[in-house]
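Undergrad: Just passing along the structure, written as structure tokens.
The values are calculated or read from the model by the stated rules, or taken from the named source; none is laboratory data. Predicted, not measured: the structure shown is a model, and the values here were computed from it. A quick note on method: Cβ atoms are made from the backbone with ideal geometry, for glycine too, and the neighbour counts reach across all protein chains shown.
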Amino acid sequence: MDETVAEFIKRTFLKIPMSEMITILKAWGFLSEKQLQTVNFRQRKEPLAQDLILLCEEKHATLNDAAFLDIIYTQAHRHQKIWDVYQMSKGPGEDIDLFDMERFKSSFRKILQRALKNVMVNFRDAEENAVWIRIAWGTHYTKPNQYKATFVVYYPQTPYAFTSVTRVKSNIPLLGQALTIASKHHQIMKMDLRSRYLDSLKAIVFKQYNQAFETHNSATPLQERSLGLDINMDSRIIHENKIEKERVQRVTEETFGNYPQPRLEFAQYKLETKFKSDLNRGILAEREEPLRCLIKFSSPHLLEALKSLAPAGIADAPLSPLLTCIPNKGMNYFKIRDK
């Protein structure tokens, strides 16, 4: 086994939590059940990784085997990456073709390899017919960098692809071209939507808001936690404005629904406006350049946090549409300009 392959596999083993090691190795499928039974999984991670490397050497593991292990690890820890969303579209009068997964994979790989001498592409089929793509980029003069690969998750017969943030910006147009041609679309556009939570991004673009998402209070009934109600509240406490609380509860449900929200970490608003006043024309009135500012709302679970503002008495109900439209518009980057 090549020394660089052994090092790559070893680094991947060392990233895997001990509690997940056996599960990921079985999903990888490269080492047999009989081989895994010879390994002491109760030892420390460094000697365990070394024992596993020896087994991989016996089976002559290749770079493709190592890349496949990296895909499986990334699938299990997808929240460790930041994901962008791309939307593709058909040309005028173009019909939806029957999708052929093998043809898509072959076309995708050929497009990248024709444009770039050193590039490595691997695929793994996943749940809901999605395909995970791993791309290790090189240049015409350097081998692919296995430690800075780009990951793409594409759902066939949909216009959406989710990509991990690519560090080398010059590779982005090439990636877009490969996705567009291989999936038989006409053009591709990056959406103003980004998050670590791939499943939430998928729910937003596919309008699957009513699915269950991981929350910090998943054991608490939704209406109680999202509307600020306390089931253990002292019965002697009387709310002075019961009608207003009922109104806030109703408006919050109408705005956000009665289901957990997709998980996003932030929403960013860029404001660009010009000073307008006929009174006491001062320095700002003479300014030709617009005034610009950036506002960013962040939270471990932004939409659930926004949903709780009015019931908690922190904000009036309903909230601004600029805050509540995030799932519906499918974006968490906004540019606000004067009309």
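Undergrad: Every residue in segment 160-171 that is at pLDDT 95 or above and surrounded by fewer than 20 Cβ atoms within 10 Å (Cβ to Cβ), please.
TA: 160
Undergrad: If you don't mind, there's one more thing I want to ask. Can you pull out the residues in segment 66-82 that are touching a helix residue (DSSP H, G or I) at 6+ places or on another chain (Cβ under 9 Å), within 17 Å of residue 148 (Cα to Cα) and assigned to a helix (DSSP H, G or I)?
TA: Within segment 66-82, 66, 67, 68, 69, 70, 72, 73, 74, 75, 78, 79, 80 meet the criteria.
Undergrad: Tell me which residues, restricted to segment 308-339, are under 25 Å from residue 249 (Cα atoms) and among the aliphatic types (A, V, I, L, M).
TA: Result: 309, 310, 312, 314, 315, 317, 319, 322, 323, 326.
Undergrad: Something else now. Quick one: in segment 118-147, of everything that is assigned to a helix (DSSP H, G or I) and not charged (D, E, K, R), which residue is farthest from residue 164 (Cα to Cα)?
TA: 129
Undergrad: Inside segment 136-159, can you point out the residues that are surrounded by 14 or more Cβ atoms within 10 Å (Cβ to Cβ), under 23 Å from the mean Cα position of the chain (by Cα) and more than 19 Å from residue 201 (Cβ to Cβ)?
TA: Hits for segment 136-159 are 136, 137, 145, 146, 149.
Undergrad: Please verify whether segment 187-206 includes one or more residues that are part of a loop (DSSP other than H, G, I, E, B) and at pLDDT below 90.
TA: The answer is no, given that none of the residues of segment 187-206 is part of a loop (DSSP other than H, G, I, E, B) and at pLDDT below 90.
Undergrad: Inside segment 5-22, can you point out the residues that are part of a helix (DSSP H, G or I), closer than 20 Å to residue 68 by Cβ and free of Cβ contacts under 8 Å to residues at least 24 places away in the same chain?
TA: Of everything in segment 5-22, those that are part of a helix (DSSP H, G or I), closer than 20 Å to residue 68 by Cβ and free of Cβ contacts under 8 Å to residues at least 24 places away in the same chain turn out to be 7, 22.
Undergrad: Can residue 53 be described as modelled with pLDDT of 95 or more, under 21 Å from residue 146 (Cα atoms) and assigned to a helix (DSSP H, G or I)?
TA: yes
Undergrad: Can you tell me which residue is nearest to the chain's Cα centre (by Cα) among those in segment 34-45 that are surrounded by 11 or more Cβ atoms within 10 Å (Cβ to Cβ) and under 14 Å from residue 14 (Cβ atoms)?
TA: 45
Undergrad: Assess whether residue 139 counts as being closer than 16 Å to residue 74 by Cβ and free of Cβ contacts under 8 Å to residues at least 40 places away in the same chain.
TA: So residue 139 fails the test.
Undergrad: Would you mind telling me which numbered condition in (1) at positive phi; (2) over 24 Å from the mean Cα position of the chain (by Cα) residue 129 fails?
TA: So residue 129 meets the others, but not (2).
Undergrad: I want to confirm something. Restricting to segment 93-135 and keeping residues that are in contact (Cβ under 8 Å) with a residue 24 or more places away in the chain and of a type in the set (S, T, N, Q), which single residue is surrounded by the most Cβ atoms within 10 Å (Cβ to Cβ)?
TA: So the residue we want is 122.
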